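Just below is one structure, and these are the notes that go with it.
Just so it is clear, none of the values below were taken in a lab; they were calculated from the coordinates. Worth saying up front: this structure is predicted, and the values here are computed from it rather than measured. Please note: Cβ atoms are built from the backbone with ideal geometry, for glycine as well, and neighbour counts cover all protein chains shown.
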Amino acid sequence: MKSFGVAMVALFAPAFAAGADAPAAEKAMAEVDPVTKHMDIAAMAFVFVLATFIGVGVIRRVSRLLHTPLMSLTNAISAIAVVGAILITGDDHYPTYVRVLGAIALFASMTNIISGFLITQRMLRMFKTQREPSR
Amino acid sequence: MSGYFIESAYLLAASLFIFSLHWMSDPKTARRSVIAGATAMLVAVLATWARPEVSRHLWIIVPIAIAIGPGIWLAMVPLTAVPQRTALSHAFGGLAAGLVGTAKYIYWFQSEPEMLTAFRTGAIVAEVILGYLTCTGSLIAAAKLQELKWIPQRPWVYRGQTVVNIGALLLAIVLGVLLIQHPTAAWSPWAFAGIVILALNFGWMLVMPIGGADMPTVIAILNAYAGLAAVAMGFVLDNRLLITAGALDGSSGLILSIIMCRAMNRSFFNVLFGAFGQVQQAGASGEQKQYRPETPESAAQIMEQANLVVIVPGYGMAVAQAQHKVRELYDQLRKRGITVKFAVHPVAGRMPGHMNVLLAEAEIPYEDLVEMEEINADMPQCDVCLVIGANDVVNPAARSDPKSPIYGMPIIDADKARTVFAIKRSRNPGFAGIDNELYFSERTWMLFGDAKAVVGEVAKSFGDGRAGH
């Protein structure tokens, strides 16, 4: 336990010491336009926080009956990673290995999209009220 | 021009995703959810594909074409296998996020190091840690749910496990901090590889000690991680649609895991690091208690006299695929004017809402599926309570025995019913290894056997001969 703590300190120390000499590339980036850069990050953080609030508000009202279909639906929605996968798979200026990784990611998210929406649909069709069609 | 077009399409997709989740609030509107969600996804995919820099179309068409087969196959699984299917798709989602993050880092490191700002590197680190740990963690969860032989069902624990697990995660975070400080140093790719390896290992090490009874919570937590990985990818790629959709998914997983934890009266930390099912040997072995077995025929006779029958389904019903026989019993009871309600505990089964889907599959109207809080008020008026393969969720020790590991967990008050019939596969204690006082109560009669066979026989005893009294 004690040696673990020592190892942690040893690992962190260079990180803090090196805080000053950020790589040249990063400096160059910061000089471009610090305001725009921070605006972008702030906008993304805004979107994240607001979307989380909407998500919590909406999901809290989901019927408990439907928690399993909800999970498969959000499974499909989280496969929105497909956007990132398409961007790196289809872009010509990336080297082949990047596009291969992208293609695998595209396959994985596409599988989730297809199976997620189909199985949600299949389950939701089963939720019926008192004797809907029969009798 | 085209930039505005794509952003508008993304905005449309984000709105449709929100509507999709909104319509899940009621089974009546829920079918619209899938249409809205699928439309949103289609819009997002087409808009991305239409971006001018995406020009290698064959590279996109081929993976999509290959995904159709497994996608349809995974959607056709029997409903009893939905928990493992869900876990498997969390693994796919995590893998996709991890791979995109990896590809982006390697590419930027080699070709455009000026892109690796502290912020982006941090987002990539978060993306790969969340993505890869979700991937291996979900694979183990899926294997456990599928009951694969080489994965122990019981929690797998060793001394100092929590320290090792948290240590692995901390080490990955430490490497992440180092990487953010020096994203472009010569050794940085090695630190990155270290993070990937640690995250892959942390995932499976985290889920291995967790037993089947905790799976509803674990699946919900992994759902949240998969969503957060998509959010991190959105930060890396500067893409607001990814952030929005990922946040929706993340909050869904978060809320479900809170509901599951509350339903078990436990904390996240306790589920993730508690290794349920290990400690409770002490209280169990006392005096030798006797079960009182009964036959399906007499169970049917007693049920016939009842006004209100409450059925409590549990994982045993899912394993035995007994839901269709339960429907036959439901029909027989209803035919005699007996009120039948299903008391569904939030953590019954292996994922949130598991029992509801199985009963819906058997075409039991959802009005008769009642939540725990509602049914408990009616339990003293209940003539017969039929427990089908459920255990912890009806264990009165949760109310009465402070030493019990499930003490404080809200339960369905089956013991307050006038008569209880409990269907149980064997005479061994249940999944968590805890004895259930309910089974030894003087109001309780045991029906031993496979849930499907026993329920079938009870229903049949109604059917032949005695129908007209």
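How high is the FRET efficiency from A:Val100 to B:Asn265, r the C-beta distance, R0 41 Å, rounded to 0.05?
In this case the efficiency is close to 0.30.
Which FRET efficiency value, to the nearest 0.05, do you get for B:Gln381 and B:Lys403 by plugging their Cβ-Cβ distance into 1/(1 + (r/R0)^6) with R0 = 35 Å?
0.65
So, by mean Cβ neighbours within 10 angstrom, what's the order for B:311-320, B:90-99, B:328-337 with the highest one leading?
Ranking the peptides B:311-320, B:90-99, B:328-337 by packing returns B:90-99, B:311-320, B:328-337.
In the neighborhood of A:Val98, defined by Cβ-to-Cβ distances under 9 Å, what is the net charge if each Lys or Arg adds +1 and each Asp or Glu adds -1?
+1
Label points 7 Å out from Cα along the Cβ direction at B:Val62 and A:Lys128: separation in nm?
Those two pseudo-labels are separated by 4.6 nm.
Please give me the summed charge of the neighbours of B:Ser400: other residues whose Cβ is under 15 Å from its Cβ, Lys and Arg +1, Asp and Glu -1.
Overall, the nearby charge balance is -3.
Determine the percent antiparallel among the DSSP beta bridges restricted to the protein assembly as shown, to the nearest 5.
Approximately 5 percent, going by the DSSP bridge assignments.
How many angstrom lie between the C-alpha centres of the stretch B:229-259 and the stretch B:168-199?
23 Å
Grab the Cα-Cα distance for B:Asn307 and B:Lys460, subtract it from 0.36 nm times how many residues apart they are, and report the gain in nm with one decimal.
Full extension of this stretch gives 53.1 nm more.
For the protein assembly as shown, with equal point scatterers placed on the C-alpha atoms only and solvent neglected, what are the log10 I(q)/I(0) values from the Debye formula at q = 0.06, 0.07, 0.12 1/Å, to two decimals?
Taken in order of the listed q values, log10 I(q)/I(0) reads -0.35, -0.47, -1.15.
What is the calculated FRET efficiency for B:Gln290 to B:Arg336, with r their C-beta to C-beta distance and R₀ = 30 Å, to the nearest 0.05?
FRET efficiency, B:Gln290 to B:Arg336: 0.40.
What's the average, rounded to a whole number, of partner chain beta-carbon atoms within 10 Å of each residue's beta-carbon in B:326-339?
Going residue by residue through B:326-339 and averaging, the value is 0.
Can you tell me how much longer the chain between B:Glu297 and B:Val77 gets when fully stretched, taken as 0.36 nm per residue apart minus their C-alpha distance, in nm with one decimal?
Result: 75.8 nm gained on full extension.
Arrange the following residues from fewest to most other Cβ atoms within 10 Å of their Cβ: B:Ile243, B:Ile66.
In order of increasing Cβ crowding within 10 Å: B:Ile66, B:Ile243.
What number, rounded to the nearest 500 deg cm²/dmol, is the helix-based mean residue ellipticity at 222 nm of the protein assembly as shown, given -39500 (n - 2.57) per DSSP H run of at least four residues and division by all its residues?
Rounded to the nearest 500, the figure is -20500 deg cm²/dmol.
In nm, give the distance between the simple-model label positions of B:Ser8 and B:Trp49, each being 7 Å from the Cα along the Cα-to-Cβ direction.
2.1 nm
Under 20 Å between alpha carbons, and skipping anything fewer than 8 positions from B:Lys416 in its own chain: which lysines qualify?
Qualifying lysines at Cα under 20 Å: B:Lys341, B:Lys424.
Peptide B:223-229: average number of partner chain Cβ atoms within 10 Å per residue?
4
Could you check the spin-label model distance between B:Thr29 and B:Glu374? Points 7 Å from the Cα along Cα→Cβ, value in nm.
Between B:Thr29 and B:Glu374, the simple spin-label model gives 1.9 nm.
So which lysines pass the test for B:Lys104, namely a Cα distance under 30 Å, with those fewer than 8 places away in the same chain ruled out?
Within reach: A:Lys27, A:Lys37.
Taking the beta-carbon count within 10 Å as an exposure proxy, list B:Val82, B:Val177 from fewest neighbours to most.
Least crowded to most crowded, the residues run B:Val177, B:Val82.
For the residues B:Ile259, A:Ile77, B:Ile302, B:Ile61, what sequence is obtained by ranking on other C-beta atoms within 10 Å, fewest first?
Placing the least packed residue first, the sequence is B:Ile61, B:Ile302, B:Ile259, A:Ile77.
Averaged over its residues, how many other protein chain Cβ atoms are within 10 Å of peptide B:315-324's Cβ atoms?
What the average comes to for B:315-324 is 0.
Please report the spacing between the Cα centers of the stretch B:1-36 and the stretch A:66-135 in Å, no decimals.
Value for the Cα centre distance between the two parts: 14 Å.
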